[in-house]
Amino acid sequence: MVMVLVDLTTSKESRWNSSRSILGIIGDQKPYSCYQCSKCSSGCLSAELLELMPHQVVSMIKLGFLDEVISSDIIWLCAYCLKCVERCPQNVAPAEAILALRNIAFERGVKTPEGYRLILENVFETGWIQSFQPVIGRDGEIYVRDNLDLPKKPEISNMDGFREALAKTLGEEG
Amino acid sequence: MFNMHLTYGFYPGCVILTEQYAYEIAARNVLPLLDVKLVDLNNISCCGEPLMSMNKITWLYLAARNIAIAERDDLDIMCLCNACYLSFSKAKKLLKEDLGLLEKINSILSMEGLRYTGKSNVKHLVEVLHDDVGVDRIRERIRFKLAGLKLASYTGCHLLRPSSIVKVDDPENPSKLNRLVEALEASSPHYPEELECCGAGLLIPRPDGGLSYASIQLKAIVNRGFDGVVTVCPACHKMLDGKQAAINQTLGLNVELPVIYYIQLLGLAMGLSVRDVGLHLNQSPCDKLIARVRRNG
Amino acid sequence: MDEYDVLVVGGGVAGLQASVDLAGIGLKVYLVEEKHALGGHAAQLYKIAPQLVDSREIVEELAGKAFRNVEIALHSNVKSIRRAGDHFMVEVEEKPKYVSWSICNGCLKCVEKCPIKTSYNSMKTITIPAIYTIPGNTPPRKPIIDAERCLYFKDRSCRICEEACPANAIDFNQKALTSMLKCKFIIVATGFNMYNPSRVGEYIYDRHPNIITGLELELMSNPAGPTKGSIVKPSSNKPPRSVAIISCVGSRSEKHLKHCCRIGCTAGLKHAYYILDKLPEAEVYILYNDMRVPGRGYEEFYRLVRDKGITLIRGIPSEIRKLSDEELSMKIYDEASSKLYRLIADLVVLEVGVEAKLGKVNIFNIPIREDGFPESISILNSIEPIPNIFVVGCAQSPLNIAESITQAQAATGRIIAKIRGKTNLH
């Protein structure tokens, strides 16, 4: 098997063919249209504060080093502010590519932050991402939804149907 | 004077229902005074936005089911949260363009006895107030003018970008919220950092990163001499208001900035009490702002 | 009805070259130009790269010959055309100038006194009164009144130009004149438009005085321009300390103009050269996407500019932010050092793209491609989309000045060959 492209710092080879098949999942963005202007990274706050360079992620996707980027931390540093999507002259949409990589990471059970799993569990349980949170008012009192003049939290009457449907979505591909 | 009847399916979303109670209190008390009728939707759930990072179909399903519920009740949806607004807008666009996906989603929706056709429109509170109610009508209802107050209008990312999906305002020069604030006679000049993200999206994967984002916004607003910042999204509000103390502590800052939802400010200006607009629940030092509003009465 | 061999539409360098050459071999040529001056965009440039020859010399040479040998209708438009056998019947409208040019001596006192000031072609540093000449080296230097902006035409409230004119040349009662002519060939050389920088919202062109376009910098560098050739920041009229030139604004973008403008990279280099030439102490940065400088002499020009001491950064800024009334701030990722930087400049030059003009008012019914430029029939024929109608220069595609002139000469050659019957091209 001839190694066409090798990363000299990591000795990893690019897996271009497998990238192409996985790219089918990354539906509504176009990493191959990227012409490396780095306009996305220059506007990205995560690039400035957290060292996520969206143009580098796109480049790694194009070159076929998908596994490396999926199992890294950097795809979880995107705040999804969508400046890169708004400004990219080639509609590459790096933030959407990052979301797709997160989807693959979740599917493989790789490095998904715990918070997301908790959210998924809560949605299964109750339909909402979290339970009632207490709020301490500026008057020092503790408030929850029940002791405020608000209607009861909406409930799903057919929770079984809802959970079944949700479970089905997790088995589906994008 | 025509009788304007604006009726919407009320979609508060997770964060408002379970945490940002103030936004819901204010919305329920203020909107009827502007002839906006809110109809509670049954069986609604999370809009799916946080699930975008996990599974595309799970997200899309959650978004579609809520819109389908509104459809069944023959209502348009009004969101109070920018993330919900983006989630629904994105879902609508995708389901309109990809008929295969629409079929797949509808087959799963049928397990709940729901069906999506895309009939219902999705609006955000800012759109309803600016485009439907209008600044002139709002100005008419004010009792306490906020003259002398300089407030930052923080529209938030997901109401502006990407402009191919969300078309609320000019993505590079938004001004609808500014005009809504100016309708209350406060001044609301633009500031260079107004398009930057609050960092709420990092709360799950990287909370300290999120705090840095929010601190940039807070510092910028304070440095530019604003008396407070007006929010329209519970996620942004949570970062700037709820996390202000944590930011001060973790990053060694000394920010004392009132953070208030627009609908709360509007309610105050219309003469509602602090409790009626949920202002007792805001974490940031809002009392000085309230005092200044009252003095103008 | 007057009969001509060739109608040339457009008095920029391509139209001028074609008119002069055709008239030079004895053909009867009629040149129609919609503005009241010749020279097109070239007349607004200071120098032409890569030779850095004065644009004024080129324009004045061509215009001089044209005035002597060609019948010219300035401030005129083609209203309609139809085929009649092997001729075209063309309706030309000469718009009212409201100034009698036969009497006007070109003193331009009227222009000095007019109270109106509007920005010209969305360029905020270039303002023109309601009675005005076209900015740049644009012969002949005689003014016309723009009735849409003039206060006299609005409510009769102002006659300042009339009062100021020593020759009594103002004539508010002029009317448009329409005439019909017959011609055998038409050369369309109507040029292109610069893209409006306000459309690229992230670069806040409308919200800070010290952000200008490349063409504004050309006019500023031009001794005939608003600052007599001094490069200054508009906020204070003082020379800038640091200048950022941003390439590719609105070009090569799915969100604005999809096509490459062909001339922006060269223009950016030329502008950097102007600035360093006039302000050796300034720090000049070019922020670019690709550096496209093909063609003979261009790579050498690129080297010349680099050696002069400008900093090239391969990385486009996502946005520009106001730092102060004088300064602008932008972040850039530099590919070469793999780092993120903040750059502060007190003058920013946007190299905006070029927009096709022909498709907007397509009197000639020329088939237009998606990018707004005319169809090329084939590699063997890019300039004659309809038999006997030629489209040359920047009306045909984004081109530089030398290429525009060459296309004009090609059309001339074709026309002469057809007249002599020595072609079986169609």
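The values are calculated or read from the model by the stated rules, or taken from the named source; none is laboratory data. All of these numbers come straight from a predicted model, not from anything done at the bench. All Cβ positions, glycine included, derive from the backbone under ideal geometry; neighbour counts span all protein chains shown. Surface areas here come from the heavy atoms of the whole protein model, side chains and all, with no ligands, DNA or RNA. Shrake-Rupley method; radii C 1.70, N 1.55, O 1.52, S 1.80 Å.
Observations
- Projection of the Cα convex hull of the stretch C:59-134, averaged over all directions and equal to a quarter of that hull's surface, yields 7.9 nm².
- Ratio Rg/Rh [Cα only; Rh per Kirkwood] for the stretch C:7-115: 1.03
- Within 10 Å of each Cβ in C:330-341, the average number of Cβ atoms from other chains: 4
- In the A-C interface, the accessible area buried, summed over both sides, Å² (probe 1.4 Å): 1800 Å²
- Based on Cα atoms of the stretch C:170-305, Rg over Rh with Rh as the Kirkwood radius reads 1.08.
- Summing Cβ point charges (Lys, Arg +1; Asp, Glu -1) relative to the Cα centre of the stretch A:44-125 gives a dipole of roughly 220 debye.
- Cα-based equivalent ellipsoid of the stretch C:237-294: semi-axis lengths in Å, sorted from largest, via gyration tensor: 25, 12, 8
- Relative to the current alpha-carbon distance between C:Trp101 and C:Ile116, full extension at 0.36 nm per residue lengthens the span by 3.2 nm.
- When peptides C:304-310, B:254-260 are sorted by average Cβ neighbour count within 10 Å, with the highest value leading, the order is B:254-260, C:304-310.
- For chain B, dividing the convex hull volume of the Cα atoms by the residue count gives 119 Å³ per residue.
- Potential extension, C:Leu380-C:Glu148 segment - 0.36 nm per residue separation minus Cα distance: 79.1 nm
- Where both bridge residues fall in the protein assembly as shown, DSSP classifies roughly 45% of the beta bridges as antiparallel.
- Placing pseudo-labels 7 Å out from each Cα toward the beta carbon at C:Lys360 and B:Asp98 gives an inter-label distance of 3.9 nm.
- Remark on the stretch A:125-174: Rg and Dmax equal 16.3, 49 Å (Cα only).
- Computed across the stretch B:149-262, the Kirkwood radius stands at 14.1 Å (inverse of mean 1/r, all Cα pairs).
- Among the cysteines of chain C, those whose beta-carbon sits 4.7 Å or more from every other cysteine beta-carbon are C:Cys104, C:Cys107, C:Cys114, C:Cys150, C:Cys158, C:Cys165, C:Cys183, C:Cys248, C:Cys260, C:Cys261, C:Cys265, C:Cys394.
- Approximate shape of the stretch A:102-146 as ellipsoid semi-axes (Cα gyration tensor, √5λ), whole Å, largest first: 32, 12, 6
- Share, in percent, of DSSP beta bridges within chain B that are antiparallel, nearest 5: 0 percent
- Over the stretch C:7-49, the hull volume per residue, using the convex hull of the C-alpha atoms, is 71 Å³.
- Each peptide among B:78-89, B:9-20 gets the average number of other Cβ atoms lying within 10 Å of its residues, and from highest to lowest they stand as B:78-89, B:9-20.
- Projected over every direction and averaged, the convex hull enclosing the alpha-carbon atoms of the stretch C:207-255 yields 4.2 nm².
- For the stretch C:243-357, the spread of Cα positions along each principal axis, largest first, Å: 38, 34, 31
- Taking the Cα atoms of the stretch C:297-338, the ratio Rg/Rh between the radius of gyration and the Kirkwood radius comes to 1.12.
- The stretch A:78-152: chymotrypsin sites (Phe, Trp or Tyr not before Pro) falling in loop per DSSP and having at most 10 other Cβ within 10 Å: none
- Solvent-accessible area of the protein assembly as shown (1.4 angstrom probe, protein heavy atoms only): carbon and sulfur portion equals 50 percent.
- Where only C-alpha atoms are counted, convex hull volume of chain C per residue in Å³: 151 Å³
- Calculated P(r) of the stretch A:33-104 - Cα pairs past 19 Å, %: 23 percent
- Column: log10 I(q)/I(0), Debye, Cα scatterers of the protein assembly as shown, q = 0.05, 0.06, 0.08 Å⁻¹: -0.37, -0.52, -0.87
- Average beta carbon contacts from partner chains per residue of A:159-169, 10 Å cutoff: 6
- Beta bridges assigned by DSSP with both partners in the stretch C:1-147 are antiparallel in approximately 65 percent of cases.
- For the stretch B:201-254, the solvent-accessible area of protein heavy atoms averages 36 Å² per residue (probe radius 1.4 Å; ligands and nucleic acids excluded).
- Relative contact order (%) - the stretch C:116-272, alpha-carbon pairs under 8 angstrom, separation at least six: 16 percent
- Relative contact order %, the stretch A:47-171, counting alpha carbon pairs below 8 Å whose residues are six or more apart: 15 percent
- Counting all C-alpha pairs of the stretch A:44-164, share separated by more than 22 Å (%): 54 percent
- Placing pseudo-labels 7 Å out from each Cα toward the beta carbon at C:Lys339 and A:Ser33 gives an inter-label distance of 3.3 nm.
- Inter-label distance for B:Asn223 and B:Ser110, nm, one decimal - labels placed 7 Å from Cα along Cα-to-Cβ: 5.8 nm
- Farthest towards the positive end of the charge dipole of the protein assembly as shown, among the residues C:Asn77, B:Ala245, C:Ser324, is the Cα of C:Asn77, using unit charges on the Cβ of Lys, Arg, Asp and Glu.
- For the stretch B:88-148, the set of trypsin sites (Lys or Arg not before Pro) satisfying both a DSSP loop assignment and a count of at most 16 other C-beta atoms within 10 Å is given as B:Arg115, B:Lys119, B:Arg141, B:Arg143, B:Lys145.
- FRET efficiency, 1/(1 + (r/R0)^6) with R0 35 Å, evaluated for C:Met291 and A:Met3 via beta carbons: 0.65
- Furthest towards positive pole of dipole, A:Pro89, A:Ala105, A:Val69, structure part the stretch A:29-123, Cβ charges: A:Pro89
- Computed from phi, the 3J(HN,Hα) profile of the stretch B:210-222 under the Karplus parametrisation 6.51, -1.76, 1.60 (θ = phi - 60°) reads x, 5, 4, 4, 5, 5, 4, 5, 4, 4, 4, 5, 5 Hz, with x in place of Gly and Pro.
- Both the radius of gyration and Dmax for the stretch B:112-211 are 16.8, 54 Å, in that order, over alpha-carbon atoms.
- Taking the Cα centre of chain B as reference, the dipole from Cβ charges on Lys and Arg (+1) and Asp and Glu (-1) amounts to some 260 debye.
- Where GluC sites (Glu not before Pro) fall in DSSP loop in the stretch C:137-183, at most 16 other Cβ within 10 Å: C:Glu148
- Near C:Ile286, the amide H atoms lying under 5 Å from its own belong to C:Ile245, C:Thr311, C:Leu312, C:Ile313; only residues 5 or more places off or on other chains count, and H is placed 1.01 Å from N.
- Legend: translational diffusion of the stretch B:36-185 by Stokes-Einstein, Rh = Kirkwood radius over C-alpha pairs, 4 °C, 1.567 mPa s; D = 77 µm²/s.
- Across the stretch C:239-367, C-alpha contacts under 8 Å between residues 6 or more apart give a mean separation that, scaled by the residue count, equals a relative contact order of 31 percent.
- Peptide B:43-51 - average C-beta neighbours from other chains (10 Å radius): 6
- Protection proxy ranking, peptides C:288-294, C:192-198, average beta carbon neighbours within 10 Å, highest first: C:192-198, C:288-294
- Positive-end residue, chain B charge dipole about Cα centroid, Cβ charges, pick of B:Gly13, B:Cys197, B:Ala147: B:Ala147
- About its Cα centre, the dipole of chain C is roughly 180 debye, where the only charges are +1 on Lys and Arg Cβ and -1 on Asp and Glu Cβ.
- Unit Cα scatterers, Debye sum, the stretch C:85-222: log10 I(q)/I(0) for q = 0.19 Å⁻¹: -1.15
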